[in-house]
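Heads up, the thing below is written out as structure tokens.
The values are calculated or read from the model by the stated rules, or taken from the named source; none is laboratory data. Treat the numbers as computed from the prediction; the structure is a model and nothing was measured. Cβ placement follows ideal geometry from the backbone for every residue including glycine, while neighbour counts extend to all protein chains displayed. Keep in mind that these areas ignore ligands, DNA and RNA; they rest on the heavy atoms of the full protein, side chains included. Shrake-Rupley method; radii C 1.70, N 1.55, O 1.52, S 1.80 Å.
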Amino acid sequence: MRVLKFGGTSVGNPQRIAEVGRLISDSTPKIVVLSAMSGTTNDLVTYSEYLYKKDHSGAKVFLESMRQKYYRVSEELFATEELRKQGREMIDTHFDNLDEFNRDMFTQHEEKTVLAKGELISTALMVYHLQELGIASVLLPALNFMRIDKDQEPDNYYIRENLNREIALHPGSTLFITQGFICRNAFGEIDNLKRGGSDYTASIIGAAIDADEIQIWTDIDGFHNNDPRYVKNTARIDDLSFNEAAELAYFGAKILHPTSVRPAQDKNIPVRLKNTMDPDSPGTLITSRVTGSGIKAVAAKDGIVAIRIKSDRMLLAFGFLRKVFEIFESHRTSIDMIATSEVSVSMTIDQVDRLSEIVSDLENYGTVEVIHDQTIICVVGDMIGESRGMAVQALEALRHIPVRMISYGSSNNNISLLIKTSDKIDALNSLSNHLFQAR
Ligand code: ADP
Ligand code: ASP
Ligand code: MG
């Protein structure tokens, strides 16, 4: 069995939905994971913002314009009056329910239910479309099997048991459709795997059913060696190792959700990135195999805060770092980069909800400086085979840009550099020119 995930642009309009319908309608057994139609989750975030602000009339107008957009999708997607009516009723059920949230009580719990609607609607549209074409498919409701535990981690045992039970209810079926992104939490409430989380759903499902392959279908022909949103002339990478892909995804390559590689890697299931607009292109294959040498790709992660603690007490003291790390642990905040000197430690975090508590705890041990608006540039490749000059090449490319921190040598496949976010586009382009264009 394979898992195929189609992102928001891949199901972004009626033509795209029909194209995905064609791509999945062969007889190879598969579970198809769908995102919401592109723009929908953002629109649901906007709707939630109206509700947080208690702008009831603004919310109503906004929701009705969304509903009209979906009516138009239903009109175009379905050929028969019967399916159009069914589509309209399904859309009304979800939008009437969204309208019920337009009252004074609106918290994060309600927001999660609101954000789940995009995937519930896109999967229903796909199942109706297949039904109209006479292609048998089964809708597997993600809320019946996808669950995170109290630490927000996938509850793999629960997922495996319940997903396999759901599948077993349909012997002989080969085409299953389910929602990406949405799940239940430890309290059974509707929750989600964070923005971009449909990739993570696909990987978790792949691991749960021991899939032969996990395919992530999107709007680009695979993993590129730099961020195509900021750099021209990026090139596709044919093969990546799990470690390389995980590192790039974690450090900002938007094509993959940050933690989506791990479940596949744990089960050694190949992940293939494919382009819905160009299905015959080979894409990128991610496996345990390490191929090629030298620097392969660059990614950037914004929203980083650097924290520096300086203390004379650190000099020749043991246990200092442990105390510092314990503070981060107690605030459930993970550290991305770290650099130490004799009397100071610098660390970066990307989760800032507990920043002021962390800083006040750290101040018990020394002087603390906090630097906002930072970006981590992550350079990935095989740093052993061609170790000579690799760090130099990266730094040479950034010679005109102030680099605040460097992390090199912690793994064999990564150099991380901390720069100001305002220097990011310049840095990515300069790295592209120095590292890739000359090849
Ligand atoms: P989907 O909606 O299918 O999940 P995303 O927008 O989340 O698609 O991811 C695909 C986008 O990721 C591409 O259109 C591209 O702009 C962006 N991207 C960022 N970094 C990379 C990279 N290194 N390689 C390919 N695409 C990248
Ligand atoms: N629809 C969700 C989002 O826009 C999940 C996803 O597309 O991966 O973030
Ligand atoms: Mg995505």
Once both label points are put 7 Å beyond Cα along the C-beta direction, the residue 338-residue 103 separation in nm becomes 4.9
On full extension of the chain, what length is gained from residue 153 through residue 355, given 0.36 nm per residue of separation minus the C-alpha to C-alpha distance? 70.5 nm
Give the long-range amide H neighbours of residue 240: residues separated by 5 or more places, or on another chain, with amide H under 5 Å away, using H modelled in the peptide plane at 1.01 Å from N. 285, 286, 287
Using the Cα centre of the chain as origin and beta-carbon charges of +1 (Lys, Arg) and -1 (Asp, Glu), tell me which of 87, 120, 202 is placed farthest towards the positive end of the dipole. 202
May I ask for the distance between the Cα centers of the stretch 127-162 and the stretch 272-321, given as a whole number of Å? 30
Looking at the chain, identify the longest residue range that excludes and avoids all chymotrypsin sites (Phe, Trp or Tyr not before Pro) in DSSP loops having at most 16 other Cβ atoms within 10 Å. 1-186
Dipole moment magnitude, nearest 20 debye, the stretch 20-65 about Cα centre, only Lys, Arg, Asp, Glu C-beta charged: 80
How do 56, 109 rank by accessible surface area computed with a 1.4 Å probe, from largest to smallest? 109, 56
Using the Cα centre of the chain as origin and beta-carbon charges of +1 (Lys, Arg) and -1 (Asp, Glu), tell me which of 381, 365, 71 is placed farthest towards the positive end of the dipole. 381
If each part is reduced to its alpha-carbon centroid, the stretch 16-40 and the stretch 333-347 end up apart, in Å, by 44
Label points 7 Å out from Cα along the Cβ direction at residue 410 and residue 49: separation in nm? 3.3
Rounded if a/c under 1.5, otherwise prolate or oblate - the stretch 82-185, Cα gyration tensor axes: oblate
Using amide H atoms built in the peptide plane, which far-off residues or other-chain residues are under 5 Å from residue 213 H to H? 3
With -39,500 (n - 2.57) per DSSP H segment of 4 or more residues and division by the full residue count of the chain, the 222 nm estimate, nearest 500 deg cm²/dmol, is -11500 deg cm²/dmol
In the stretch 92-178, which trypsin sites (Lys or Arg not before Pro) fall in coil by DSSP and have 13 or fewer other Cβ atoms within 10 Å? 103, 150
Between the stretch 370-439 and the stretch 230-249, what is the C-alpha centre distance in whole Å? 14
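In debye, nearest 20: dipole of the chain around its Cα centre with unit charges on the Cβ of K, R (+) and D, E (-)?
Working: 48 positive and 60 negative charges, 123 e Å.
The calculated dipole for the chain is roughly 600 debye.
Beyond a 30 Å Cα-Cα separation, which of these cross-linked pairs lie in this structure: 274/424; 267/323; 54/301; 274/301; 54/424; 150/267?
Check vs 30 Å cut-off fails for 267/323; 54/301; 54/424.
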For residue 253, which sequence-distant residues (separation of 5 or more, or a different chain) have an amide H within less than 5 Å of its own amide H, given hydrogens modelled in the peptide plane? 300
Placing +1 at every Lys and Arg Cβ and -1 at every Asp and Glu Cβ, with all other atoms neutral, what dipole size does the stretch 390-439 have around its Cα centre, in debye to the nearest 20? 40
Quick calc: nm separation of the 7 Å Cα→Cβ label points for residue 392 and residue 18 -> 5.9
For the residue 27, residue 422 Cβ pair and Förster radius 56 Å, calculated FRET efficiency rounded to 0.05 is 0.60
Given 4, 237, 136, which one lies farthest toward the positive end of the charge dipole of the chain, if we put +1 on the Cβ of every Lys and Arg and -1 on the Cβ of every Asp and Glu? 237
